[in-house]
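Peer 1: The following block contains the structure, expressed as structure tokens.
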Amino acid sequence: MPDKRQAKFFLLAAASVVVLDQLTKLWVRDNLALGTVIPKTSFLNLVYYANTGAVFGLFPGQVLAFIVTTVAVMAGILVARHYLPSAALGNVALGLLFGGAAGNLIDRVCLGFVTDFIDVHWSRLHWSAFNFADASVVAGIILFIYSLYRQGFFARVYHHGLTRE
């Protein structure tokens, strides 16, 4: 059962991600033409890409399926928050995940696509364009796994049923 005092970490992380994500996407849509590429550094471009697919642009045009999947994932995050041990780090991690999912859900519902604008590359090898919501989901996953490790979750699972002599 989550500690009610920990809810502030979850809510602050989620709200911060949604606000930052939506403000940056709004700026990109208002200031760049679709398909624009602006080199910023030797490894980073600012772009405007309308992604109708999922991660890496896979399965384009499946907006309704992604909306339903995202709502299910967000519900799963709330369930996980309810049943997993309460810790500030875990709540921040789940807040990052929830906020990232919410940020992209807002785009899909309101626009029919997700606005991606960060293009990381090395020479001519480009990672798929992404946004702050995507980055917060990745950071949230890594942080959540780390929080479970810190709480000894993996040790309990690994040693389950084993007797020590």
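The values are calculated or read from the model by the stated rules, or taken from the named source; none is laboratory data. These numbers were taken from a predicted model, which means no experiment stands behind them. Here Cβ is always computed from backbone atoms with ideal geometry, including for glycine, and neighbour counts include all displayed protein chains.
Peer 1: Do we have any residue at all in region 15-34 that's under 16 Å from VAL137 (Cβ atoms), in a helix (DSSP H, G or I) and touching a Leu at 6+ places or on another chain (Cβ under 8 Å)?
Peer 2: For region 15-34, residues under 16 Å from VAL137 (Cβ atoms), in a helix (DSSP H, G or I) and touching a Leu at 6+ places or on another chain (Cβ under 8 Å): present.
Peer 1: Pairs, please: C-beta under 6 Å, at least 6 apart or cross-chain, first residue surrounded by 12 or more Cβ atoms within 10 Å (Cβ to Cβ) and in region 23-45, second not in a strand (DSSP E or B)?
Peer 2: Taking only residues 6 or more apart or on different chains, the pairs are THR24/PHE132.
Peer 1: From ALA102, ALA135, which residue is among the small types (Gly, Ala, Ser), out of contact with any Phe, Trp or Tyr (no Cβ under 9 Å at 6 or more places or on another chain), buried (at least 17 other Cβ atoms within 10 Å of the Cβ) and assigned to a helix (DSSP H, G or I)?
Peer 2: ALA102
Peer 1: Please go through (1) buried (at least 22 other Cβ atoms within 10 Å of the Cβ); (2) farther than 24 Å from PRO39 by Cα for THR115 and return the number of the only condition it doesn't satisfy.
Peer 2: Among (1) buried (at least 22 other Cβ atoms within 10 Å of the Cβ); (2) farther than 24 Å from PRO39 by Cα, THR115 violates only (2).
Peer 1: Oh, and also: Hey, does region 39-52 have a residue that's modelled with pLDDT of 95 or more and in a helix (DSSP H, G or I)?
Peer 2: Checking region 39-52: not a single residue is modelled with pLDDT of 95 or more and in a helix (DSSP H, G or I).
Peer 1: Answer yes or no as to whether LEU94 is in contact (Cβ under 8 Å) with a residue 24 or more places away in the chain and out of contact with any Pro (no Cβ under 7 Å at 6 or more places or on another chain).
Peer 2: Yes: the conditions hold for LEU94.
Peer 1: While we're looking at this one, here's another question. Filter region 58-79 for residues that are of a type in the set (A, V, I, L, M) and touching a helix residue (DSSP H, G or I) at 6+ places or on another chain (Cβ under 8 Å); which is nearest to TRP127 (Cα to Cα)?
Peer 2: Checked region 58-79; the qualifying residue nearest to TRP127 (Cα to Cα) is VAL63.
Conditions (1) under 16 Å from the mean Cα position of the chain (by Cα); (2) modelled with pLDDT of 95 or more; (3) crowded, with 20+ Cβ neighbours inside 10 Å; (4) at negative phi, marked per residue:
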| residue | (1), (2), (3), (4) |
| --- | --- |
| LEU58 | no, no, no, yes |
| GLN62 | no, no, no, yes |
| TYR83 | no, no, no, yes |
| ILE106 | yes, yes, no, yes |
| ASP119 | no, no, yes, yes |
| TYR149 | no, no, no, yes |
| PHE153 | no, no, no, yes |
| ARG156 | no, no, no, yes |
| ARG164 | no, no, no, yes |
